[in-house]
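Below: one structure, written as structure tokens.
The values are calculated or read from the model by the stated rules, or taken from the named source; none is laboratory data. Only a predicted model underlies this, so the values are computations on that prediction, with no experimental measurement involved. Here Cβ is always computed from backbone atoms with ideal geometry, including for glycine, and neighbour counts include all displayed protein chains. The area values use the complete protein model at the heavy-atom level, side chains included, leaving out ligands, DNA and RNA. Shrake-Rupley method; radii C 1.70, N 1.55, O 1.52, S 1.80 Å.
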Amino acid sequence: MHDIPVTRAAARKSIPQDLKASFGDYFSDHMFRMEYTEGRGWHDPRIVPFGPLQLHPSSSVIQYAQSIFDGSKGYRREDGSIHLFRPQAHIARLNRSAGELCMPAVDPDLVLAAMRKLIGLDRDWVPAKRGNAIYVRQTMVGTEGYMVVRPSKTYTYLIFLCPVGSYYSEGAGPVRILVSETRVRAAKGAIGSAKAGANYAASLKVGREAAAAGFSQVLWLDSVQRRYLEEVGTMNIMVKIGGRILTPPLSDSILPGITRDSVLTLLHDWGMEVAEAPIDIEDVVVASRTGRLEEIWGVGTAAVISPVGELAWRGERIIVNGGQTGPVAAKLFEQLTGLHAGTVPDRHGWSVAVD
Ligand SMILES: Cc1ncc(COP(=O)(O)O)c(C=O)c1O
């Protein structure tokens, strides 16, 4: 057992009741933190009141973006119990991201124990309404203050919690997505497969242009040929063309999504074939013109399954399935949200009870 001391918040904040399209607007009362020092390892794991950090102005996170994070969710079931969805996979991915940025790995058992204890302490923040969740954000930043470009020798690791509703203002309905023609999210050989803050910084400009034009997200193409689908801002992508489900293969420029992995597992369980194969944007356009484009959907922790109703590419509007949610996306959404709620049998041991 891990001994994680708790310092309770002097005052409790009021807990929001209406989370409709809220994602990350509210933070619970406490957070977990621990520090790392080279030669000593991780130390002082503890739960403290949620609040600001003190950072050296020349810390590696501020100067050189030594920053990684991960996001998973916990759900309250009808019987009041709270379950995390695939927390071990999210902790393993954080450690993978850490390796990409020369940051130290955390002890997965300690971190899982910390998540459970923190959520147990702030359990009143876990929403009861189906579809709402407690979002569990892990973060690690380099804290040493220095100037030369090298990895930090000290780090802070945090877990904090946000009660969340649906990620998109459209709710679970189809979203409109802009295919980026001008920029890429991550280059081949770079750190795109890590959940590094820097990758999100690189996506902001096109994201803002897309939002101004009325799109929810950006679909990124590969950095070399600028024609193969990579992923969406916060989701991996799947398409169904002429009866075949396709998703881009993982690479060093795509985040290995946990939801992507869950969905591939479910589709295999159902005996549905999925090809992890490159998808040329021109093939999607042709399929749309010839009536063979059946469905497109995004998969990710934030939105779970997000049907894509429209893609915009080189001034052309590609309407997918008449702008409606397709049957595969709908079935996946039902199954995954059922697994979260505990109403569908958990054959893969994905849910972990908080207590
Ligand atoms: C860039 C990117 N791709 C894909 C995903 C989906 O990953 P996951 O299903 O693990 O949330 C996310 C969200 O975490 C993301 O930020």
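Looking at the chain, the accessible area is 44 square angstrom per residue; that uses a 1.4 Å probe and ignores ligands, DNA and RNA.
Angle of helix 87-100 to the longest C-alpha principal axis of the chain, folded into 0 to 90 degrees and rounded to 10: 90°. Determine the share of the chain's accessible area contributed by carbon and sulfur atoms, expressed in whole percent, with a 1.4 angstrom probe. The nonpolar share, carbon plus sulfur, comes to 52 percent. Taking a quarter of the surface of the Cα convex hull of the stretch 175-341 gives a mean projected area of 9.1 nm². In degrees from 0 to 90, rounded to the nearest 10, what is the angle of the helix 108-121 Cα long axis to the longest principal axis of the chain? Approximately 80 degrees, to the nearest ten.
For a straight C-alpha distance cut-off of 26 angstrom, the lysines reachable from Lys153 (same-chain residues fewer than eight places away being disregarded) are Lys195. Relative to the longest principal axis of the Cα atoms of the chain, helix 258-269 runs at roughly 50 degrees.
The packing ranking, built from the mean of other Cβ atoms within 10 Å per residue, places the peptides 71-81, 176-186 in the order 176-186, 71-81, highest first. Using every pair of distinct Cα positions in the chain, the Kirkwood expression returns a hydrodynamic radius of 21.2 angstrom. Once the convex hull of all Cα atoms in the stretch 31-131 is built, its volume per residue stands at 127 Å³.
Put simply, when 239-251, 128-140 are sorted by average Cβ atoms within 10 angstrom per residue, most first, you get 128-140, 239-251.
The stretch 174-246 and the stretch 71-148 have Cα centres lying 25 Å from one another.
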